[in-house]
Amino acid sequence: MFLNKVISASAGTGKTYRLSLEFINILLQCRVHDINFWEICIITFTRKATAEIRARIYQHLDTLTSGQTDNTILISNLESIMDRKVNDEDIAFLRDVRQQILLHKNKLQISTIDSLLFNVFRSHVAPYLGITEPVIDDNAVDDILPRLYEFTLNDRNLDVIRPLFENSRSKTIETYEKFLKTLIDQRWFFHYLDESVGAGVPSNPSNATDDHDSAAWEQLASQYWLDYSSRMISIITQWWGYMQAKYPGELLSKLMKKDYREQLTNGRDGTNFNIATLAKDYFQDLSKVEKKSTLWLKCTSFWNSVKFSSRKEPLALELEEQLEEASRVFGSFLFYHKFLPEQKAIRNFNRLLYEYYDQLRFQTRIFTYSDIAYYTYRYLYDPELSLIDKEFGYVNNRFYELLTNRIRFLLIDEFQDTSIIQFQILLPIIRELISGETAKPYGGVIVVGDEKQSIYRWRGGERNLLMDMKKVLTNCVEDKLSVSFRSFQPVMSFINYIFLHENLYENLQAHEIRWDYTSVEPEPAHCVEKGGVHVRFQNLTKDENNPINDDESACRNFVEEIIIPLIDREQGKLAQEETVVLARRNQDLKYIASVLTENGYDFIWESTYSILHHASVKPLMHLLMFTLKKRWIDLFKFLRSDAVL
């Protein structure tokens, strides 16, 4: 019986190598069940990974079938997966498979998740919608932005969107553009939310979603505000009375944290304040507190803990507990006063936006990958299409009738990058494959991923999907790849130290995040003290007295204090041509490059930006796009650029 697998693999532990071996293992183990290589589907998340796995499969088959003498390690690794010896009959079978793959390369199913969803959309959903020859353009939203602006800002729809932008702190074209793109990109979430409400699941604790409930929300918000303001006045009054008795004549800046002092005294300092009176006046002005809602919401103490410590003062501990309860009350106020009305406004706006957006998409037949994922998810579960049983989540027979290549085994690489909507599309197929009730009665699923990499949330990846996958797969075994073939001992020791540190565990546990990290060791050849790790934390503040008070000065300090001494032509420890500098943002790379140029060091700058993003070229591109497509937003961007101003 085939065992489904969840394989945890850190970076550099040979995920591609292992996945390609699993492909060969399935062919060998299941050939008695008449398995064909085109019935195994491998899903990755980048075209580069697709090419790497394809090349590795060819390489493995060549090594195993050519009689090479250096195939001992490969055979040994394959046998450890098969749990039996590779025999001559296996090699003969693989030789035939290799020949078949070379003759029918187009049948080898290795694709990105985006390509798979596009194929499902094109063959299943598009015909239902009357769409012929759909086209992918991941920048397609930019092309229709002017029409979306015109639609949403016309007199009929302006009243719907006005509440959203009146409450926005940043009222710029860029903010509006980002807002529209986010609503479109995350459309699946709002669809899922509407489905939950439609199924009887409340979208908020009050179960208040209709227009007539707005008054009820504001009434509840008013009650919470009166409760919160009275609590805060009481807390500050108690604290101030105690401090006046213990530290008479002390400067307020010595007793109270700066951010909170500035709110109550308008930034002033001195000894002649009555903070209790100022607090009463301040917390009777809702608009002031709202402007600093984040500050007060996270308030655990507004006092100087050196002067007033909960370890020494019983009152301090009591006031901390009162502040915690006050923060919960303030959170409830914001929920009814801000969150629910804004949620209603967004959903009302969404209904208008999505209807018009669908019209544009279906007219042009040009879609982004986010569009494809959403439409595929939406219509696969449509009862009229009858492709996936929505109640039980299983694939109906018609789905298999429409599939060009029937899948019996599914192998998913970098599973931690799977988004929730992608998982919702894959889940019924996975359930069907592991049920043994597909068109052919034998199948299975293997997923490979690294939970540590899910912290980047790339493409909306969700860490818990990998962690909980063993609950989805029946007859499942877990495996961990714990040998690194990439890094030497110092690097691996540092990584293990970080991810096994008790502080990390305690912090993650406090946020109810599971963490089951297994130490990863370098392969024997890398168990040497080569290379190293140096960690340097830089304090960056906006204080004028601090010479490092912005990103540019921080990058300059990093280059002058760290990089240049290491690559110094006479005393440097690193070869300049073998040294790589990585930064999170392109702007940081720009700062670093500027300092290196000043000091006469040559370098190659590989930015994710193209030449079209250069400061001198980008304004011209906006002007050309305006002349070509008559999009006013492009003209505005050109007129606001440095080339004009």
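Listed values, structure above:
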item	result
Which of 484, 575, 306, positive extreme of dipole for the chain (C-beta unit charges)	306
Candidate lysines for bridging to residue 48, where Cα separation is under 18 Å - those fewer than 8 sequence places away on the same chain excluded	15, 105
Cα-Cα separations in the range 495-539 greater than 17 Å, expressed as whole percent	53 percent
Considering only the chain, percent of DSSP beta bridges that pair antiparallel, nearest 5	10 percent
Inter-label distance for residue 284 and residue 51, nm, one decimal - labels placed 7 Å from Cα along Cα-to-Cβ	7.1 nm
Convex hull of the range 295-337 built on C-alpha atoms - directionally averaged projected area, nm²	3.0 nm²
Kirkwood-Stokes translational diffusion coefficient of the range 82-181, alpha-carbon pairs, 37 °C, 0.692 mPa s, µm²/s	170 µm²/s
Contour minus Cα-Cα distance for residue 630 and residue 528 (0.36 nm per residue)	30.5 nm
Filter on 85/470; 298/452; 292/344 - keep pairs with C-alpha separation over 25 Å	85/470; 298/452
C-alpha long axis of helix 214-246 to longest principal axis of the chain, angle in °	60 degrees
Whole-Å distance, taken between Cα centres, linking the range 274-311 and the range 31-51	60 Å
Calculated diffusion of the range 215-319, Stokes-Einstein form, Kirkwood radius summed over Cα pairs, 20 °C and 1.002 mPa s, µm²/s	147 µm²/s
Alpha-carbon gyration tensor eigenvalues x 5, square-rooted, for the chain, Å	50, 35, 29
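Computed from the coordinates by the stated procedures, all read-outs in this text should not be read as laboratory data. Predicted model only: the values in this text are computed from it and were never measured. With ideal geometry, Cβ positions are generated from the backbone for all residues, glycine too; neighbour counts draw on all protein chains shown.
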